[in-house]
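Data first, discussion second: the structure below is written as structure tokens.
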Ligand code: MRU
């Protein structure tokens, strides 16, 4: 099964807050349910947020009673407003919504045909993501040597996308080519996407993985236990990569130890008209830091800082792996001018 699927007016996905202990499927029939699942991170990961937002608009269209196009477009705009308020950083969510809205506004058929078109378009966005990840895997695997040890952060796997994954897509493709690689996964405080989701995915595929805490990255690099770093991205802007909190520290350490630092992401993550100064870095609830699960670990009333993402300037990035190939920083700039 793909991470997200459309089943005749229902979105089916997996509740990522329950993994790896329990596999619970979520069924959503309206935009409020999808928005809540995104806010609570039952649905997470930049490309998956794009697909979920697209399917949420498909739900609106599928269940709409609108008789005129303008009426349905009004309903889609209202839903878009709700979805855009969920999480501010991953650009894929905004990209998918704006793509569907602009296509819907230019649609020439009647309301019934428009509703069908929006459902098809959402499915297309999901299919494109799955296809892009296979290509990212193919291009990225060429950079991987037999017996490489690859460090990854957070979860940029099948669970963060429609299928296969971005950073984990590269790892999977190299493994499928027979390369005997090993993965080091950081636990990724505070939401533990690395410990819970990345190790789960890799173990399921039989790919050797070792879990470390976030503060062990310097140790494993100093001890020459890492050949490459591959991470995903929530947004790639003109001057930086925005990804899970902790990515910047890993990139700086990688540079210090001459370890290549790759970012694997589909073009739906590119936002090359903006710079890092324009990006809202989501701040999450303090309980995510003061508690582990339901267990309080810090004194009541302590001040907490909990940004979900950080900024890695492009000077730390060796290359960006996307569906078009492996882009150097110079290629990325050229790509921008092609837009
Ligand atoms: O807060 P999350 O779990 O949604 O953050 C996810 C990440 O930071 C991933 O690295 C990124 O979305 C890329 S996923 C292919």
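The values are calculated or read from the model by the stated rules, or taken from the named source; none is laboratory data. Since we're looking at a predicted model, the values are computed, not measured. Neighbour counts run over all protein chains shown; Cβ positions are idealised from the backbone, glycine included.
Close Cβ contacts (under 6 Å, 6 or more residues apart or on different chains) running from residues in region 24-48 that are not assigned by TED's automatic domain parsing to the domain that holds residue 91 to residues that are surrounded by fewer than 17 Cβ atoms within 10 Å (Cβ to Cβ) and in a strand (DSSP E or B) are absent. Residues in region 132-161 that are out of contact with any strand residue (DSSP E or B) (no Cβ under 6 Å at 6 or more places or on another chain) and within 13 Å of the ligand (Cβ to nearest atom): 132, 133, 137, 155, 156, 157, 158, 159, 160, 161.
Residues being touching a residue at least 60 places away in the same chain (Cβ under 8 Å) and either in contact with a strand residue (DSSP E or B) (Cβ under 6 Å, 6 or more places away or on another chain) or surrounded by fewer than 19 Cβ atoms within 10 Å (Cβ to Cβ) (or both): count how many of those fall in region 56-112.
Step one: of region 56-112, the residues touching a residue at least 60 places away in the same chain (Cβ under 8 Å) are 57-58, 87-92, 95-96.
Going one step further and asking which of them are either in contact with a strand residue (DSSP E or B) (Cβ under 6 Å, 6 or more places away or on another chain) or surrounded by fewer than 19 Cβ atoms within 10 Å (Cβ to Cβ) (or both), we end up with 88-89, 91.
Going through region 56-112 one residue at a time, the tally reaches 3.
Among residues belonging to region 314-331 that are over 12 Å from residue 263 (Cα atoms) and assigned to a helix (DSSP H, G or I), point out the one that is modelled with the highest pLDDT. Across region 314-331, the extreme among qualifying residues is 315. Restrict the check to region 51-62 and report whether at least one residue is within 14 Å of residue 159 (Cβ to Cβ), part of a helix (DSSP H, G or I), within 16 Å of the ligand (Cβ to nearest atom) and not assigned by TED's automatic domain parsing to the domain that holds residue 164. So far as region 51-62 goes, yes, one or more of its residues are within 14 Å of residue 159 (Cβ to Cβ), part of a helix (DSSP H, G or I), within 16 Å of the ligand (Cβ to nearest atom) and not assigned by TED's automatic domain parsing to the domain that holds residue 164.
Out of the residues in region 168-180 that are over 15 Å from residue 200 (Cα atoms) and surrounded by 24 or more Cβ atoms within 10 Å (Cβ to Cβ), state the one that is farthest from the ligand (Cβ to nearest atom). Let's see the steps before the verdict.
Of all residues in region 168-180, those over 15 Å from residue 200 (Cα atoms) come to 170, 173-180.
Next, only the ones that are surrounded by 24 or more Cβ atoms within 10 Å (Cβ to Cβ) stay: 170, 174.
Working: 170: 11, 174: 17 Å.
If we take residues in region 168-180 being over 15 Å from residue 200 (Cα atoms) and surrounded by 24 or more Cβ atoms within 10 Å (Cβ to Cβ), then 174 is farthest from the ligand (Cβ to nearest atom).
In region 184-207 there is at least one residue matching the filter, namely being farther than 24 Å from residue 42 by Cα, touching a residue at least 12 places away in the same chain (Cβ under 8 Å) and either within 9 Å of the ligand (Cβ to nearest atom) or not in a loop (DSSP other than H, G, I, E, B) (or both).
Here is a yes/no grid of residues against (1) in a helix (DSSP H, G or I); (2) touching a strand residue (DSSP E or B) at 6+ places or on another chain (Cβ under 7 Å); (3) surrounded by 14 or more Cβ atoms within 10 Å (Cβ to Cβ):
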site: 5; (1), (2), (3): no, yes, yes
site: 19; (1), (2), (3): no, no, yes
site: 33; (1), (2), (3): yes, no, yes
site: 43; (1), (2), (3): no, yes, yes
site: 48; (1), (2), (3): yes, yes, yes
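Just one of (1) assigned to a helix (DSSP H, G or I); (2) under 30 Å from residue 230 (Cβ atoms); (3) touching a helix residue (DSSP H, G or I) at 6+ places or on another chain (Cβ under 6 Å) fails for residue 72. It is (2).
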